[in-house]
Amino acid sequence: MSRADAPAAPPSVAAPAPVAWGRLLRSELRLVFGRRRNLVLLAGLALVPVLLGTVLLLTRDSALAGQGPSFVDQVTGNGLFLVVAALFLCLPFLLPLCIGIASGDAVAGEAAAGTLRYLLVVPVPRTRLLTVKAVAALAFAAAAVLSVAVTGLVVGAAYFGLQDVTLLSGTTVPVGDGVLRVLGVVGYVGLSLTGLVAVGLFFSTLTEVPVGAMAATVVVAVVSTVLDSLPQVAAIHPGLLTHHWFDFAEFLRLQVDWGVVAEGLGVQAAWVAVFGSLAWARFTTADVTS
């Protein structure tokens, strides 16, 4: 047989190009912020400062005035403190609950819906997909904190006005400085939740049942809070996930102790590194069957 009569070689089939990072991230953000459940969670968080501010407005001239935590009583004198008070009330349970739901659903939700393997067939490198899931979960955490803070600022300004801020030391600073300090509080609270996002993402890679991953994430926060209240285990307190959550009070002191702030953020970075690595190791090696 001559070369002319030889059958032509079949054309090579090029492998499909990986999905672009930006396109994948936009799709994930639309998925996270398009879920009705997540929107309801954000709306519920935004209602907390509204309810708190309304109660304080209606009771500030009654016999209830001065009752409860001392920081709450300062809200009626300066609306900026409504942001701090609302975050203080949401931080122990409501914020961890919302973040546990969002991060625990990140991978397990796709597996439960049967869409995870189709994402990987597109193809999407697993590391890239997990990173996008993490960024979207962090974005939701930021949105959760901002929903409380922005609503608290608007309601506080409308109900009580914005005045110069009296710090924990008794020193009064201008309202502009006070706003910057409250922004520091908001930023610190947001960064303090990054470790919990990593924990939720790890649990989400372990199961195809989103509710299980959500519950496990919230349980970690609750157990950490309980352990932090036990003096018998004081040796492990500095490394607990929730131990430094309320160190945002440093921004309400005349001189911010940046060492305390750095220690709190360092603990969160350690949790992110450990559980982020565990999530990556699990997700990149697990068999995806759904």
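The values are calculated or read from the model by the stated rules, or taken from the named source; none is laboratory data. Because the structure is a prediction, the values reported are computed rather than measured. Neighbour counts run over all protein chains shown; Cβ positions are idealised from the backbone, glycine included. The protein model used for the area step is the full one, side chains on, heavy atoms only, and it has no ligands, DNA or RNA in it. Shrake-Rupley method; radii C 1.70, N 1.55, O 1.52, S 1.80 Å.
Here are the numbers for this structure:
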read-out: Dipole magnitude of segment 135-290 about its Cα centre (Cβ charges: Lys, Arg +1; Asp, Glu -1), debye to nearest 20; value: 120
read-out: Residue 255 versus residue 171: modelled label distance in nm, points set 7 Å from Cα along the beta carbon direction; value: 0.8
read-out: Residue-by-residue Karplus 3J(HN,Hα) for segment 254-269, coefficients 6.51, -1.76, 1.60, Hz, glycine and proline x; value: 4, 10, 5, 7, 5, x, 5, 4, 5, 5, x, 6, x, 4, 5, 4
read-out: Heavy-atom accessible surface of segment 92-239: percent carbon and sulfur, 1.4 Å; value: 74
read-out: Helix axis angle, 210-228 relative to the chain longest principal axis, alpha carbon, degrees; value: 40
read-out: Segment 134-268: C-alpha gyration tensor shape, a/c 1.5 cut-off, then a/b vs b/c; value: oblate
read-out: Inter-label distance, nm, simple model (7 Å from Cα along the C-beta direction), residue 55/residue 131; value: 4.4
read-out: Crossing angle, helix 94-104 versus the chain [Cα axis fit, 0-90 degrees, rounded to tens]; value: 0
read-out: Per residue accessible area in Å² of the chain, where ligands, DNA and RNA are left out and the probe is 1.4 Å; value: 49
read-out: Label-reachable residues, segment 184-205, where backbone N falls under 13 Å from a point 7 Å from residue 35's Cα toward its Cβ; value: 200-201, 204-205
read-out: Residues with amide H under 5 Å from that of residue 165, placed H, sequence gap 5 or more; value: 173, 175, 178
read-out: In degrees, nearest ten, helix 126-160 long axis to first principal axis of the chain (Cα); value: 20
